[in-house]
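These notes are about the structure you will find just below.
Derivation of every value follows stated rules applied to the coordinates shown; laboratory data play no part. The structure presented is a predicted model; accordingly, all values stated were derived computationally and were not measured. Don't worry about glycine lacking a Cβ; one is built from the backbone with ideal geometry, like all the others, and counts go over all protein chains shown.
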Amino acid sequence: MVVQMKKIFSLIFVLAIFSLLLQVLKFQFTNQHMEEYSLKTSTNSYEIKENFKHIHKYNLYYFKIIDQDSNIYSFSYNYNFHKRDRIIKDIIHFESDDLNCIFPVYIRKKSGDIICNLNGENVSYSYLKQKGNRDVEKFVNQLQKAGYNYSSWENVNDNSSKIDSVEVYQKNIPENKFLTMWFYKGFYIFTNENLYKKELLVKDKYDNETSFVVDRFYVTVNTDQSRPVSYSSFIVYDIINGGKSIIDLDDSISNNSYFNGVYKGELYITDLNKKMQYALNPDRETFRIVGSMDLGFKTLANDHLIDINNAMFLSNKFYFNNETSNKMIIKKYNTNDIKIDQGVYFFKDDKGNFYKAYENDLDNPTLLFSFDKVSEWIEKDLTLMVITNDMVYLYDDQYGLRPVIKNSELLYNYKNICDFVEK
């Protein structure tokens, strides 16, 4: 009997070790999962589809939730739960007239933002706040009394600091963001705590087609030393750490050159006159030939460099950006103004409405916010920067929509003037 018990305990021990090893292997080698599960609360019941993907620095959980009244909520949550699944443990529900909202509570007592459905359409808390919806504020007050809070619920700070003629709403800038704005001879750097002015040139450069932000570096052509038809050096400034350097070129490039974009920390540049393509590395301070009629040329597709026909490449301008097309979005919203990042589509319709949709659920986009007039907008790191009239706004899921810069210059000079990097 004792021998049998020892065998049973040994078997249990071996099975436990095996189970632990399976969990370790799952954590090490599984970067995505899909789960479907149900959740019943005292006020509602929900069918949950959970799609997890670990991409680069992101641990993104995509959710599609359908409640007992067939309201659909599509949203994401970015947090490192070490690849755990079935992370929603409770859902708090709010209903008022045509507005239905949910507030998911995750494992480890984590929580995010409110997700809402207005007249059958997914809308963000930021959109409802922008439109002055009082019902959603009742829900926020209810949650705050229960001990919950979130960054996007905070009041937008109206106090501004000033540098030259530029007003900056510093307290609205996330702590990990560095904002930049061109001012003819250089650029400003705005953070949550400081305002800087960096002069790079002696002579004014009104437009900013010869500058580009590459990771944490601001790269601009040294137009002070340029000849009428060529450029012989670049100026590089480290936005986060400070410090300026000059990259002198052994062979100048013509003024008929343009920036393709960034790939793996290098700025790709094409000289149409010389029929050459180059890569500038601001971190290593190098400049090398990467394309020619003999070597061929490169463009970016699906985050990878690919070869492209010489004649086609030189007869058009090819940019490495996150602009994309999607037939369903184009047809439904009549727009080609679409960008994609980490499987998330961001797009703007002709009414100035900004949406976010997930590649596995394009039928249920979320209306994020709206502006009557939009001069330019960019997307990086799942964050939007929007220029409207003389204002610059930032949006992300954590902080919501916030004004960050006011400058009358933006009414008539806005192209490639503003940018941002993440620390």
Taking alpha-carbon centroids only, region 235-291 lies from region 324-372 a number of Å equal to 32
Once the in-chain neighbours fewer than 8 apart are removed, the aspartates and glutamates whose Cα is under 12 Å from residue 110 read 90
For the chain, the longest principal axis of the Cα atoms and the Cα long axis of helix 2-29 enclose an angle in degrees, to the nearest 10, of 30
Stokes-Einstein, Kirkwood over Cα pairs, region 32-153, 4 °C, 1.567 mPa s; D in µm²/s equals 87
The alpha-carbon center of region 105-146 and that of region 33-83 are separated, in whole Å, by 16
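Would you compute, from DSSP H runs of 4+ residues alone, the mean residue ellipticity of the chain at 222 nm, taking -39500 (n - 2.57) per run and dividing by the full residue count, rounded to the nearest 500? Intermediate values should be presented prior to the final figure.
Numbers: 5 runs with 59 residues, N = 423.
Computed ellipticity for the chain at 222 nm equals -4500 deg cm²/dmol.
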Nearest 10, in degrees from 0 to 90: the angle of helix 134-145 to the longest Cα principal axis of the chain is 70
Lys and Arg at +1, Asp and Glu at -1: neighbours of residue 307 with Cβ under 14 Å from its Cβ sum to 0
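Give, rounded to the nearest 20 debye, the magnitude of the charge dipole that region 200-321 has about its Cα centre when Lys and Arg contribute +1 at Cβ and Asp and Glu contribute -1 at Cβ. List each step's numbers first, then the result.
Numbers: 12 positive and 16 negative charges, 28 e Å.
Charge dipole, region 200-321, about its Cα centre: 140 debye, nearest 20.
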Treating only Lys and Arg (+1) and Asp and Glu (-1) as charged, each at its beta carbon, one finds that the chain has a dipole about its Cα centre, in Debye to the nearest 20, of 1140
Calc'd 3J(HN,Hα), region 166-178, phi into Karplus 6.51 cos²θ - 1.76 cosθ + 1.60 (θ = phi - 60°), Hz, glycine/Pro = x, comes to 9, 9, 10, 8, 4, 5, 8, 8, x, 4, 9, 10, 10
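Relative contact order of the chain: what whole-number percent is it, with Cα pairs under 8 angstrom and at least 6 residues apart?
On the way: 791 pairs, mean separation 47.0, N = 423.
Reported relative contact order: 11 percent.
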Under the Karplus relation with 6.51, -1.76 and 1.60 and θ = phi - 60°, whole-Hz ³J(HN,Hα) for region 326-332, x at Gly and Pro, equal 8, 4, 5, 5, 4, 5, 6
Charge dipole of the chain built from unit charges on the beta carbon (Lys, Arg +1; Asp, Glu -1), centred at mean Cα; most positive-end Cα among 367, 281, 80 is 80
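What dipole magnitude, in Debye to the nearest 20, does region 32-153 give about its Cα centre under +1 on Lys/Arg Cβ and -1 on Asp/Glu Cβ? Intermediate results must be reported in sequence, preceding the final value.
Values: 17 positive and 15 negative charges, 152 e Å.
Using only the charged Cβ atoms, the result is roughly 720 debye.
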Amide H proximity to residue 388 below 5 Å, modelled H, separation 5+ or other chain, gives 375, 393
Neighbours of residue 36 by Cβ distance under 12 Å: Lys/Arg at +1, Asp/Glu at -1, summed charge -1
In the chain, taking the dipole from +1 charges on Lys and Arg beta carbons and -1 charges on Asp and Glu beta carbons about the Cα centre, the listed residue (152, 395, 132) farthest towards the positive end is 152
Whole-Hz Karplus couplings 3J(HN,Hα) for region 207-220, θ = phi - 60° and coefficients 6.51, -1.76, 1.60, Gly and Pro as x, run 8, 10, 6, 10, 10, 7, 8, 10, 6, 8, 9, 9, 10, 9
Under a Gaussian network model of the chain whose springs join Cα atoms within less than 10 Å, the largest fluctuation of 265, 186, 243 belongs to 243
Between the residues 336, 414, 55, the Cα farthest towards the positive end of the dipole of the chain, that dipole coming from +1 and -1 charges on the beta-carbon of Lys, Arg, Asp and Glu, is from 55
Labelled set [x] 39; [y] 43; [z] 50; percent of Cα pairs over 31 Å apart computed from this model equals the value at [z]
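For residue 248, what charge total do you get from the other residues with a beta carbon under 15 Å from its beta carbon, if Lys and Arg give +1 and Asp and Glu give -1? Let's see the in-between values first.
Details: positive: 227, 244, 284, 288; negative: 224, 250, 251, 285.
Charge balance near residue 248 sits at 0.
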In region 200-321, lysine pairs 8 or more places apart or on different chains with C-alpha atoms under 26 Å apart total 15
Within the set 197, 348, 162, GNM on the chain using Cα springs under 10 Å gives the largest fluctuation to 162
Taking Cα pairs closer than 8 Å and at least 6 residues apart, the relative contact order of region 32-153 in percent is 15
Rounded to the nearest 0.05, FRET efficiency between residue 332 and residue 250 (Cβ-Cβ, R0 56 Å) equals 0.60
